[in-house]
1. Is there any pair linking a residue in the range 218-241 that is in contact (Cβ under 8 Å) with a residue 24 or more places away in the chain to one that is of a type in the set (S, T, N, Q) and within 16 Å of the ligand (Cβ to nearest atom), with Cβ under 7 Å and at least six apart or on different chains, and which?
2. Within the range 192-200, can one find any residue that is among the aliphatic types (A, V, I, L, M), crowded, with 19+ Cβ neighbours inside 10 Å, touching a residue at least 12 places away in the same chain (Cβ under 8 Å) and outside the structural domain of N63 (by TED's automatic domain parsing)?
3. Working carefully through the options R51, R26, R15, find the one that is farther than 21 Å from S115 by Cα, touching a residue at least 40 places away in the same chain (Cβ under 8 Å) and in contact with a strand residue (DSSP E or B) (Cβ under 7 Å, 6 or more places away or on another chain).
4. For the range 219-234, enumerate the residues that are open to solvent by less than 20 Å² (accessible area, probe 1.4 Å) and near the ligand (Cβ under 10 Å from one of its atoms).
5. I need the full set of residues from the range 220-245 which are over 18 Å from the mean Cα position of the chain (by Cα) and either of a type in the set (G, A, S) or not assigned by TED's automatic domain parsing to the domain that holds G203 (or both), in order please.
6. Looking at Q159, Q171, Q121 in this structure, which one is open to solvent by 20 Å² or more (accessible area, probe 1.4 Å), in contact (Cβ under 8 Å) with a residue 24 or more places away in the chain and not hydrophobic (A, V, I, L, M, F, W, C)?
7. Picking from I186, I208, which residue would you name as being more than 10 Å from the ligand (Cβ to nearest atom), touching a strand residue (DSSP E or B) at 6+ places or on another chain (Cβ under 7 Å) and either assigned by TED's automatic domain parsing to the domain that holds W308 or not hydroxyl-bearing (S, T, Y) (or both)?
8. If C216 passes every condition in (1) among the hydrophobic types (A, V, I, L, M, F, W, C); (2) at pLDDT below 95; (3) within 16 Å of the ligand (Cβ to nearest atom) but one, which one does it miss?
Amino acid sequence: MELEDYYRQFAQLKRAPNRIFPETTRHKAPHKPLLLLAIMEMIARGEITSRFISIADEITELNDLFSAYWRALMPITQTSSIAFPFSRLHSEPFWELVPLPGRQISREAINGVSSVSQLRQLALGANLDEDLFRYMTYAESRTKLTDALLRACLSDQGQTILMAELGVQHQAFRYSLELEAKAHKIKEPSTEVPYADAVRDQGFRRVIVNCYDHRCALCGVRIVTPDGHTAVEAAHIKPWSQFKDDDVQNGMALCRLCHWAFDEGLMSVDGDYRVLTSRQMTAAPNAAGFLITLAGRPIIGPKDQALWPDLGRLSWHRHYVAVGL
Ligand SMILES: [Zn+2]
């Protein structure tokens with residue numbers, strides 16, 4: 001197949017018309033093009049390396065991209081799951097679901113899929129058409145496919161919005177690699193082009209969440225939903241607002257509760273990487289639950305020693321943020 005054949009297939013994507021979808025999507029379901037764009041970005045990152053796209057493993061990164069593109073276009077009240085386009089793309093000539101052994105892919109089975117757990121009961125993943133995958137691996141043809149997809153599926157305004165978001169996501173990925181390289185003292189981040197806040201936020205989040213493998217450094221909670229949502233956030237030890245410090249050693253992955261308690265100074269970390277809790281948590285009428293049982297326990301850091309939080313920055317936190325240790 002030629003590249004132009006895929007432009008045609010993109011222009012003919014079956015997308016449900018519905019007024020709940022905004023004008024930017026031409027009032028048609030944007031799921032399929034958004035998933036295809038997320039897959040192309042994953043190929044550009046080297047995270048998808050074959051035409052078989054697995055959903056058997058954690059799909060956090062693919063889901064993060066799909067969600068970011070979705071949020072750029074859709075009203076805040078509308079949510080979605082990548083399970084919709086992942087299954088419904090089966091009706092397109094370039095996409096084929098690979099069933100679990102013994103399962104049949106039927107229209108009824110596909111129509112019953114609305115979550116990733118349901119999708120996993122049906123399929124191992126999907127195969128992209130061989131030629132299409134090959135085109136997606138080359139930067140030049142990938143750019144052309146992206147343009148064709150945007151033009152085919154979105155209004156002019158929608159194309160502009162999504163082009164900007166594609167740029168943010170790609171730069172955030174590059175920024176996260178720079179932060180990791182800096183932690184390994186391989187390279188200083190480039191200072192020539194200052195990154196936009198949205199890029200920086202997401203790049204920092206990506207590197208921290210990945211190097212802590214989605215586990216809260218203070219309480220050890222690790223929950224990733226089948227849809228790839230994670231319970232942890234990337235916390236700065238010395239606040240970004242004051243110090244503009246995105247070093248990996250100035251970060252920890254924390255669940256929402258620990259993040260809040262850490263920022264409030266109700267939890268901290270000592271010079272031996274042990275959890276400290278504040279007396280204020282136990283003051284009546286508070287009920288801090290399991291948080292106070294964490295006192296004295298070792299924190300859970302990244303596998304890679306070079307990425308652990310810096311003791312100097314933790315000492316700053318004990319000094320200037322923590323209260324009633
Ligand atoms: Zn926690």
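The values are calculated or read from the model by the stated rules, or taken from the named source; none is laboratory data. As the structure is a computational prediction, the values presented were derived from the model and not from experiment. Because the Cβ atoms are built from the backbone with ideal geometry, glycine has one as well, and the counts that use them run over all protein chains shown. For accessibility, only protein heavy atoms count, side chains too; no ligands or nucleic acids. Shrake-Rupley method; radii C 1.70, N 1.55, O 1.52, S 1.80 Å.
1. As it stands, the answer is V224/T230, since those pairs meet every condition given.
2. Restricting attention to the range 192-200, the residues satisfying the condition of being among the aliphatic types (A, V, I, L, M) are 193, 196, 198-199.
Narrowing the set further to residues that are crowded, with 19+ Cβ neighbours inside 10 Å leaves 199.
Filter once more, keeping what is touching a residue at least 12 places away in the same chain (Cβ under 8 Å): 199.
Now drop any that are not outside the structural domain of N63 (by TED's automatic domain parsing), which leaves 199.
So far as the range 192-200 goes, yes, one or more of its residues are among the aliphatic types (A, V, I, L, M), crowded, with 19+ Cβ neighbours inside 10 Å, touching a residue at least 12 places away in the same chain (Cβ under 8 Å) and outside the structural domain of N63 (by TED's automatic domain parsing).
3. On the way: R26 fails: in contact with a strand residue (DSSP E or B) (Cβ under 7 Å, 6 or more places away or on another chain); R15 fails: farther than 21 Å from S115 by Cα.
Only one candidate qualifies: R51.
4. Within the range 219-234, C219, G220, V232 qualify.
5. If the condition is that a residue be over 18 Å from the mean Cα position of the chain (by Cα) and either of a type in the set (G, A, S) or not assigned by TED's automatic domain parsing to the domain that holds G203 (or both), then G220, S241 are the ones that fit.
6. Answer to the check: Q171.
7. Values: I186 fails: touching a strand residue (DSSP E or B) at 6+ places or on another chain (Cβ under 7 Å).
After ruling out the rest, the residue left standing is I208.
8. Looking at each condition in turn, C216 falls short on (2).
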